[in-house]
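Participant: My questions will all concern the structure given below.
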Amino acid sequence: MKAWFILVLLFSLSFSVYVGEAVSQMEKTWFISSDGTIKDVRLNGTFLALSSSQQIERMEATDGARFEQAGDEIFLIYEADELSGQKNITAVATIHTAYPLNITSDPPFQSFSSLPAYGLVSYDEAISSTARQISTGKSGDLEVAAALAQWTNRYIKYNISYWGDPAPAIQVFSNPQGVCVGYSHLFIAMAKSVGLQTRFVSGYAFAGEWQAHAWAEVKIGDEWVPVDPTFGEMGILDARHIATSYSNDQGEVYDSLIAKGENFTFSSNVSLGTSEEHMFQKFFSVHTVLFGDGLEVIIYNPTDFYATPTYSINMPDYILPDDSRILVIPPRSSATVRYTLNTAELEPGYTHQIPYQIEIQGETFTDKLSYVKGVPASLVQPPLVKESPAQQTQGACPLPSLLALFALCFGIFCFRK
């Protein structure tokens, strides 16, 4: 009998941390310096944006400064008749952020009715044509937005040396390198070229440390849905995103200082810290089906909302390269991701336990696939030859003997009667 062995494939795993809810403190200070006296001073400083995902629990400013709301944005305003030397104006806030699972609709995608775009998010025919190809076959606006964000995330190579570059979308498309601003500009340009209403979001995000960051929002029905093509997230973002302003592009985001006089400068500095963090609530269930060299990963959304989780799978590289994508799962429905496994290097004749790790918006599912590798023809034993039973010599037909026996019995019976 052939023995079956277990071969365990070891591999290293990378872990991602997604925070579902956070309470953070933000402090922004504006520094005004003048060699002489300046008059009619007015500082208009960007501070925080308002959204259903971001609640401001406390907000204070230096004496003499005030907050003003304009649309979905809050600005710090400082005015003085005259000012000389150094003046620092500080604003502080406590912010509660959470990007919950709350998308209620997915309108049908209206085949490529492009929207106008200007500034750093202008698009040309090359961008528009690519966006149309990516969107072809998609049924809803959410699916189109997810596909464009995923494509942008994979297309651009993150390069920190582009920090501070204005990153117009057309330039980024032709030279796909950059940082968050470039990712966001190109995503917005592509989305507008196929008719999705978008806006640019400036703010801060945590990636090992708090830093300036940019992402986008897409209008889906009556809701603004956040999309971060740099991190490959949509809808339910990591809560360590703090939005400070909305605009058409990065070029429209700035603080302004107006004054009469000469030889004055101003700058600003932001510091952030998080005092409270909570992981995402666990929603999704995962089921894997292995058939031959094919693998299906089935993710079920049990909620009453559209889910757009960030999904990734990790296996030994020679079996399946790492894969990451944004899924769109309707309420109380499932999404199926299909793969073909490369099993060429697995030893035939054994059962292989192949470990895998699936992450869905901070939830981790770890298990092993039990894969049976077929035995090569050179090792297969020839089938047994089925032998026929030995031939036997046939005797005389027994019918006459039976007739004689019957006649004898009948005679005995009549004689007794």
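Participant: Defining a contact as two alpha carbons under 8 Å apart and six or more residues distant in sequence, what relative contact order in percent does the chain show? Walk me through the numbers before you get to the answer.
Facilitator: Numbers: 905 pairs, mean separation 83.1, N = 417.
Rounded, it is 20 percent for the chain.
Participant: Here's another thing I want to ask about it. Within the stretch 257-362, which GluC sites (Glu not before Pro) sit in a loop by DSSP and count at most 16 neighbouring Cβ atoms inside 10 Å?
Facilitator: Working: sites: Glu262, Glu276, Glu277, Glu296, Glu345, Glu359; in loops: Glu262, Glu345.
Of the GluC sites (Glu not before Pro), the ones in loops of the stretch 257-362 whose Cβ has at most 16 other Cβ atoms within 10 Å are Glu262, Glu345.
Participant: Which is farthest toward the positive dipole end of the stretch 119-237 among Gly137, Ile220, Ile236, measuring Cα position about the Cα centre, with Cβ charges +1 (Lys, Arg) and -1 (Asp, Glu)?
Facilitator: With unit charges placed on the Cβ atoms, the residue in question is Gly137.
Participant: Shifting gears a bit: Can you compute the FRET efficiency between Arg338 and Ser271 using 1/(1 + (r/R0)^6), with r the Cβ-Cβ distance and R0 = 56 Å? Round to the nearest 0.05. Numbers along the way, then the final one.
Facilitator: Numbers: r = 46 Å, r/R0 = 0.83.
For Arg338 and Ser271, the calculated efficiency is 0.75.
Participant: Dipole size in debye (nearest 20) for the chain around its Cα centre, Lys and Arg Cβ +1, Asp and Glu Cβ -1?
Facilitator: Working: 25 positive and 44 negative charges, 544 e Å.
Once rounded to the nearest 20, the dipole reads 2620 debye.
Participant: If eta is 1.306 mPa s and T is 10 °C, what Stokes-Einstein diffusion coefficient results for the stretch 119-237, Kirkwood Rh from Cα pairs, in µm²/s?
Facilitator: Details: Rh = 14.0 Å.
The Stokes-Einstein estimate is 113 µm²/s.
Participant: For Ser84 and Thr364 in the same chain, what is the full-extension length gain: residue separation times 0.36 nm, less their Cα-Cα distance, in nm? Intermediate results must be reported in sequence, preceding the final value.
Facilitator: Numbers: separation 280, 0.36 × 280 = 100.80 nm, distance 5.73 nm.
Answer, rounded to one decimal: 95.1 nm.
Participant: Could you give the spread of the C-alpha atoms of the chain along their three principal axes, from largest to smallest, in whole angstroms?
Facilitator: 153, 53, 44
Participant: Distance between the C-alpha centers of the stretch 194-271 and the stretch 43-108? Whole Å please.
Facilitator: 12 Å
Participant: Okay, next question. Any aspartates and glutamates with Cα under 14 Å of the Lys192 Cα? List them, leaving off those in the same chain fewer than 8 positions away.
Facilitator: Asp124, Glu125, Asp141, Glu217, Asp249
Participant: Bin width 10 Å, origin at 0, all Cα-Cα pairs of the stretch 22-174: what percent of pairs per bin?
Facilitator: 8, 23, 24, 26, 14, 5, 0
Participant: Same structure again: Using 1/(1 + (r/R0)^6) with R0 = 56 angstrom and r between the beta carbons of Gln211 and Glu347, what's the FRET efficiency to the nearest 0.05? Kindly include the intermediate steps, with their values, before the conclusion.
Facilitator: Working: r = 47 Å, r/R0 = 0.84.
That gives a FRET efficiency of 0.75.
Participant: Determine which aspartates and glutamates satisfy two conditions relative to Lys260: a Cα distance under 15 Å, and not lying fewer than 8 residues away in the same chain.
Facilitator: Result set, ordered by chain and number: Asp35, Asp40, Glu79, Asp81, Glu82.
Participant: Right, next: Starting from 0 in steps of 10 Å, tell me what percent of the Cα-Cα pairs of the stretch 263-384 lands in each bin.
Facilitator: Pair shares across the bins are 10, 32, 22, 15, 10, 6, 3, 1, 0, 0, 0.
Participant: Further question: State, to one decimal in nm, how far the label point of Asn159 lies from the label point of Asp304, with both points 7 Å from Cα in the Cβ direction.
Facilitator: Each label point is offset 7 Å from its Cα along the Cβ direction, giving 4.9 nm.
Read-outs throughout are calculated quantities, based only on the coordinates presented, and are distinct from any laboratory measurement. Here the structure is a predicted model, which is why all the values come from computation and not from measurement. All Cβ positions, even for glycine, are placed from backbone atoms using ideal geometry, and neighbour counts span all protein chains on display.
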